[in-house]
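No lab work stands behind these numbers, since they all come straight from the coordinates. Nothing here was measured: the structure is a model prediction, and the numbers come from that model. In this analysis, Cβ positions are derived from the backbone assuming ideal geometry, glycine residues included, and neighbour counts consider all displayed protein chains.
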Amino acid sequence: MSQDITDILIGWTFDPHKPTVRIITAPDGSEKIQMRLELGVLQMELSGRPDGTRVEGTESWLDYHVQQQQQRDAANPDGAPYLLEPEACEELLREGVQYYHRYISLWHLGRYELCARDTKRNLRLFAFVREHARRDRDKLQFDQWRPYVTMMHTRAVATPLVELGEMDAALGAIQAGIAAIERFLVEYGQQEQAEQCQELVHLKKWQEELTAGRTPTALPPAAVREALPPSPLEQLRSKLARAVTEERYEEAAQLRDEIRKLGDDSTQQA
């Protein structure tokens, strides 16, 4: 088998103005993400660590260090705190960039629930480094991205809820994102810079637009509504909304795939 990828590059044009991403099916039937770069192609696993490797029997360096911290604290409850050395922070940062590439790809592919999964994971990474890094500059190196990742996580959570018409849940998710960024500004004494924080401005604008555009949904009379059982598609949409709000993102992604398939089948039957 040739290792030359020229045919792939020629058949898939790079666009410098926007991410060029796609889902491909591997020979084993699994799905993988590909991102077209100017000089090649970046391929990522859809779940687990994006490069497909495992670390010391765990999914990632973050999971490894969390496990080590928990085991140490359990064995030495009164001992010195678990500390991340600079080398460990470098490994965690490189790993975080892998998840960044994947969640950006997932966003542009419309895989919002999986984007929410990965952004939540990187927010957990930032929190762990804030608590355990030995050097303050390592903490800041991670935490400077918290407003941006919070915004992306909020968009990924709220977007499918908006699509499902679950406006109260969507607005609740957006408000939670706004509050999280505001807390970040307070922590760093930057409250006065709120109007210059583009992530905060974006979420507040979205919140205003959704609030202004809300319209009550016309419902059939109660007696008729009770007599009409929910269709399979409606049941799946309801399950998807619950999965998103309860942060069960892997399950939500599977439900979205089922909804898409059922929608396609319904169209074909019509």
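A few points about this structure:
- Charge dipole (the chain, unit charges on Cβ, about Cα centre) - positive-most of GLY96, HIS17, GLN43: HIS17
- Rg and Dmax of the chain, based on Cα coordinates, read 21.7, 67 Å.
- Order of CYS89, CYS197, CYS115 - criterion: other Cβ atoms within 10 Å of each residue's Cβ, fewest first: CYS197, CYS89, CYS115
- Cβ-based exposure ranking for VAL66, VAL149, VAL201, VAL186, in which fewest neighbours within 10 Å come first: VAL186, VAL201, VAL66, VAL149
- Each residue in LEU200, LEU39 was given a count of other beta-carbon atoms within 10 angstrom of its own, and listing them fewest first yields LEU39, LEU200.
- Cα-Cα over 27 Å, subset of LYS205/LYS261; LYS139/LYS205; LYS139/LYS239; LYS120/LYS204; LYS120/LYS239: LYS205/LYS261; LYS139/LYS205; LYS139/LYS239
- Under 5 Å from the amide H of LEU84 lie the amide H atoms of ALA133, ARG134, each residue being 5 or more positions distant or on a separate chain, with H modelled from the backbone and absent for Pro and chain starts.
- The shape of segment 27-128 can be summarised by an equivalent ellipsoid whose semi-axes, obtained from the alpha carbon gyration tensor, come to 30, 13, 13 Å from longest to shortest.
- Here segment 161-202 yields Rg over Rh of 1.11, to two decimals, using C-alpha coordinates and the Kirkwood radius.
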